[in-house]
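S.K.: Can you read through this structure? Questions will come right after.
The values are calculated or read from the model by the stated rules, or taken from the named source; none is laboratory data. Source: prediction; values computed, not measured. Here the Cβ positions follow ideal geometry from the backbone for every residue, glycine too, while neighbour counts run over all protein chains shown.
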């Protein structure tokens with residue numbers, strides 16, 4: 001079977017753990033059916049391999065000699081905090097802090113007790129123990145100006161998650177802007193994109209071949225339909241992101257690229273040497289002491305925001321149309337401050 005994205009694999013393993021019973025044996029075939037009901041189509045061999053891998057980290061019993069043949073949580077699993085190792089507890093706390101936004105809320109509901117046990121396990125180590133302090137030493141900081149994340153209606157979030165898991169179409173009311181009147185749409189949800197504190201739904205409308213992005217906090221209503229999603233031919237969310245679709249303002253085909261040439265001061269040049277604009281980035285010194293940087297980038301609003309935010313530290317050399325656009329934006333900004 002083709003390799004699945006890491007977040008899909010994590011979601012499947014979490015659902016498999018939730019499906020395991022405590023007081024009876026469940027066969028791999030039964031567990032496979034439960035995974036299918038929850039939106040994960042995998043073959044029997046994959047389920048058996050997942051169970052063996054999970055047994056290395058979780059207290060699972062495997063009855064392969066007597067009848068009924070199957071898997072279940074071991075008696076140790078009911079023992080509470082003592083059955084969880086410190087590394088396991090630390091891993092679960094970090095998962096809750098940094099990955100819960102990527103998983104449907106409905107999928108996490110059954111793990112609240114497990115997350116609480118993990119926190120209690122670390123707390124029992126005492127405030128001076130290294131592992132108990134580790135979650136306070138690892139934080140995720142968004143780039144750019146920090147803003148508060150928008151509020152997303154819980155029922156909207158649940159409806160979108162259910163539709164994505166089941167590959168179902170949705171009827172929605174969606175407000176195109178903060179003050180825009182909500183409009184009805186029928187969407188084919190394809191995936192979620194987390195961008196800073198905001199989450200977007202990638203979806204097509206009708207028989208459209210190109211996905212658009214819809215901010216979750218602008219959905220006013222979501223109704224999950226029985227009709228199956230029609231995926232665009234060859235659509236791959238990861239490939240679309242690599243082409244720059246996660247940056248705003250990409251042309252309709254999602255493949256608009258441009259050859260960018262910049263003249264940068266030493267500070268920006270050093271930053272781009274450490275974090276290149278693209279795999280084909282090339283640099284060379286200029287006679288005026290600045291550095292020329294050339295790279296292929298997505299033609300997007302994100303690019304323009306980045307260029308304008310660097311002010312006099314960057315001069316756009318090419319393409320000519322982008323140079324004129326950035327120059328005009330700077331002239332308009334300077335005019336707002338007057339001659340003083």
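S.K.: Looking at the stretch 261-277, which of the residues that are crowded, with 16+ Cβ neighbours inside 10 Å and in a helix (DSSP H, G or I) is nearest to the chain's Cα centre (by Cα)?
M.R.: For the stretch 261-277, the residue satisfying everything is 272.
S.K.: Have a look at 205, 168, 183, 195 and point out the one that is surrounded by 16 or more Cβ atoms within 10 Å (Cβ to Cβ) and modelled with pLDDT of 70 or more.
M.R.: So the residue among 205, 168, 183, 195 that is surrounded by 16 or more Cβ atoms within 10 Å (Cβ to Cβ) and modelled with pLDDT of 70 or more is 168.
S.K.: While we're here: Looking at 141, 152 in this structure, which one is modelled with pLDDT of 85 or more, part of a loop (DSSP other than H, G, I, E, B) and within 21 Å of residue 96 (Cα to Cα)?
M.R.: 152
S.K.: Then there is this: Report, by residue number, each residue of the stretch 293-324 that is modelled with pLDDT of 95 or more, more than 23 Å from residue 145 (Cα to Cα) and in contact with a helix residue (DSSP H, G or I) (Cβ under 9 Å, 6 or more places away or on another chain).
M.R.: 293, 295, 316, 317
S.K.: Of the numbered conditions (1) closer than 24 Å to residue 213 by Cβ; (2) exposed (fewer than 13 other Cβ atoms within 10 Å of the Cβ); (3) in contact (Cβ under 8 Å) with a residue 24 or more places away in the chain, residue 309 fails exactly one; give the number of that condition.
M.R.: Condition (3) is where residue 309 drops out.
S.K.: Out of the stretch 25-58, which residues are in a loop (DSSP other than H, G, I, E, B) and surrounded by 15 or more Cβ atoms within 10 Å (Cβ to Cβ)?
M.R.: Across the stretch 25-58, the qualifying residues are 25, 27, 38, 39, 40, 42, 58.
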